[in-house]
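Below you'll find the structure, written out as structure tokens, and then a few comments.
The values are calculated or read from the model by the stated rules, or taken from the named source; none is laboratory data. Since this is a predicted model, take the numbers as computed values, not measurements. Cβ coordinates were reconstructed from backbone atoms using ideal geometry, including for glycine residues, and neighbour counts include every protein chain displayed. Accessible surface areas use protein heavy atoms only, side chains included; no ligands, DNA or RNA. Shrake-Rupley method; radii C 1.70, N 1.55, O 1.52, S 1.80 Å.
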Amino acid sequence: MTSSEAAVGLFRARFGGEPEFIVRSPGRVNLIGEHTDYNDGFVLPMAIEQSTWVALRSSDDRTVRLSSIGHPDAEFDLDALTRGNDGWAEYVKGIAWAIGAEPLRGWEGAFATSIPIGAGLSSSAALGIASALAFTVVSGEPWRPVEAALAAQRVENDWMGLGSGIMDQLIIATAKAGHATLIDCRSLDLAPTALPDDMDVVILDTGTRRQLVGSEYDDRRNACERVAKAAHVVALRDLSIVDLEAMTGKISDDDLRRARHVVTENARTIEAAAALDTGDVRKIGELMDDAHRSIRDDFEASSSALDLMVEIASDLEGCLGARMTGGGFGGCAVALVRGEKTARFVEEITRRYEAVSDNEAKVYVTRAAAGASIDSIGDPIE
Ligand code: GLA
């Protein structure tokens, strides 16, 4: 059964009758540009096929009733939005708060997802954007993807209390099928570029999950902000490598290395987008390899499992480049693989990783999906 079918099945069982709409909200994988979004920098992500689905129906009152596979049911009143401990349902409630509850209608919705949770593929941002689209469609409001992304980021930051930049929400809301998008996280300019057909994007889940969610992330973010402040600039985006080197001795060695990752990563990301434009996949691969070394050695947001996965991937035939992806400290790596070598690559990487690791590898060959969308019942789904 697909996740969309699971959502519809749950809807029928829990609420009775048929849903009016199906919302699809994809996960994302970032090809390059890590820990740059909250420094006003550049990222190059794409949406993936793994998605969160909501089967829903508007209601006549102002209550939102939610059901999700593997979680307790939840409900809340649009006229009494208070932060609680409703786990995943807090994201839905937070969205109503962030977009402003007044014009919204209540609804009943059943959720199912094929995005691995906590793997660095943005399952929570997908939930936020799914909820924004659900509120929009039942309330007859126009869909404004960039505004929805900003609202979902506010939920993450101010309702859930978790640091995050704008990358995940923005790509999930705006992605173009078959394309990766260069995002300027200061201007929010979006430049989609088609991915070549002869290359696959392969997601490599190490089977490890980061512990102490948020604390390392905040630590890195604080280091970046300290350096920007010491340099009297708004964000690290405004520093060149020459500016940064001139700060040697004036800031701590650790802070210097964190900032060096961000400054060089911005340059690599712009270069990778240009290489994608000209179809130079070899160059993108090289930049991904450099990006992994930078985040491993300078930013120190990788992990031994991620380094192992990347090392094995890089050794395999057909691999153009590989790096950790997402927040880091566990979760997934991403590799670019020559299409004709993908089947063999998938087989070999699983075997070799599991031969030396206690964790199980999960490998997903994925296409670049479109951003969140609505399917009427009866349309082909998933
Ligand atoms: C997480 C955050 C993003 C971004 C990445 C690192 O996924 O949600 O905003 O900062 O980490 O690039």
(request) Filter the stretch 309-343 for residues that are free of Cβ contacts under 8 Å to residues at least 12 places away in the same chain and farther than 21 Å from S357 by Cα and give the result. (result) A343
(message) Taking the criterion of being at pLDDT 95 or above, open to solvent by less than 20 Å² (accessible area, probe 1.4 Å), away from the ligand (no atom under 16 Å from the Cβ) and not hydrophobic (A, V, I, L, M, F, W, C), would at least one residue in the stretch 257-267 satisfy it?
(response) no
(request) Just need a number here: residues in the stretch 245-267 that are in contact with a Ser or Thr (Cβ under 8 Å, 6 or more places away or on another chain) and closer than 17 Å to Y38 by Cβ. (result) 7
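Here's the yes/no breakdown for (1) farther than 30 Å from R220 by Cβ; (2) touching a strand residue (DSSP E or B) at 6+ places or on another chain (Cβ under 9 Å); (3) among the basic types (K, R):
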residue: S3; (1), (2), (3): yes, yes, no
residue: E34; (1), (2), (3): no, yes, no
residue: Y38; (1), (2), (3): no, no, no
residue: M46; (1), (2), (3): no, yes, no
residue: V54; (1), (2), (3): yes, yes, no
residue: V64; (1), (2), (3): yes, yes, no
residue: D73; (1), (2), (3): yes, yes, no
residue: N85; (1), (2), (3): no, no, no
residue: Y91; (1), (2), (3): no, no, no
(request) Check off (1) within 16 Å of the ligand (Cβ to nearest atom); (2) within 29 Å of T82 (Cβ to Cβ) for A223 and give me the number that stays unchecked. (result) (2)
(message) Quick check on I129: is it aliphatic (A, V, I, L, M), more than 11 Å from the ligand (Cβ to nearest atom) and surrounded by fewer than 24 Cβ atoms within 10 Å (Cβ to Cβ)?
(response) no
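Scan the stretch 1-30 residue by residue and report those that are assigned to a strand (DSSP E or B) and small (G, A, S).
S25, G27
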(message) Can you pull out every residue in the stretch 38-65 that is of a type outside the set (S, T, N, Q), within 16 Å of the ligand (Cβ to nearest atom) and surrounded by fewer than 24 Cβ atoms within 10 Å (Cβ to Cβ)?
(response) Y38, D40
(request) Among what's in the stretch 186-216 and is modelled with pLDDT of 95 or more and out of contact with any strand residue (DSSP E or B) (no Cβ under 8 Å at 6 or more places or on another chain), pick the residue that is most open to solvent (accessible area, probe 1.4 Å). (result) R186
(request) Could you please find all residues in the stretch 290-306 being over 20 Å from the mean Cα position of the chain (by Cα) and open to solvent by 40 Å² or more (accessible area, probe 1.4 Å)? (result) D290, R293, D297, S304
(request) Looking only at the stretch 155-162, decide whether some residue is over 22 Å from A235 (Cα atoms), open to solvent by 10 Å² or more (accessible area, probe 1.4 Å) and more than 14 Å from the ligand (Cβ to nearest atom). (result) yes
(request) Of the conditions (1) under 24 Å from E225 (Cα atoms); (2) out of contact with any His (no Cβ under 9 Å at 6 or more places or on another chain), T181 clears all except one; give me its number. (result) (1)
